[in-house]
Amino acid sequence: MLTRLQMQFSAKETESAESSYAQQRRYFGRFDALLDQAVQGPTWLRQPLVAELVGASLRYCHGKAYQLVCHCLMPNHVHAVVLLLDEAVPLAETLQRLKGYTALHANRLLGRTGQFWQRETYDHIIRSSEEMARVIAYVVNNPVKAGLVESWEQWPYTYWPEE
């Protein structure tokens, strides 16, 4: 049985974690809004062949490293929602492989060398079906929010298969 002190500590831990999570979401929201403007930095994913390469690579890993729920390729960043498979290698390793493969081939397509992807990624564990629905809606509507199209279905680099 939990003592009153243990229950208070647990409640404070939960409140602290929720506060940290809310703060992280606000930070990500501001950062993502800047990315959506695509006024600075490389926008290589505007190139159809590069976007097709990255999208095909994400879909290739479906069923092998993860179950791909949806993805959206923006001019300068990528959103993907995946479900990790029990037998899969860690997500960080999968992302490293994807980034390495796509960087090599995208650089060839672009006639360039050097770093293609930023080193860091933003990943987030989805904790509920309500949050999953919210995240999927956010991902597929990203080009609409950025003013690139009027409806998510118009964006050629959004993948969300009908289940």
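Summary of values
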| read-out | value |
| --- | --- |
| Verdict on ARG119 being over 22 Å from GLU153 (Cα atoms), without any contact (Cβ under 8 Å) to a residue 40 or more places away in the chain and not acidic (Asp, Glu) | yes |
| Failed condition for TRP155, given (1) on the phi > 0 side of the Ramachandran plot; (2) in contact with a Cys (Cβ under 8 Å, 6 or more places away or on another chain) | (1) |
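Coordinate-derived values only; no laboratory data. Treat the numbers as computed from the prediction; the structure is a model and nothing was measured. No Cβ is skipped: glycine too gets one built from the backbone with ideal geometry, and neighbour counts run over all protein chains shown.
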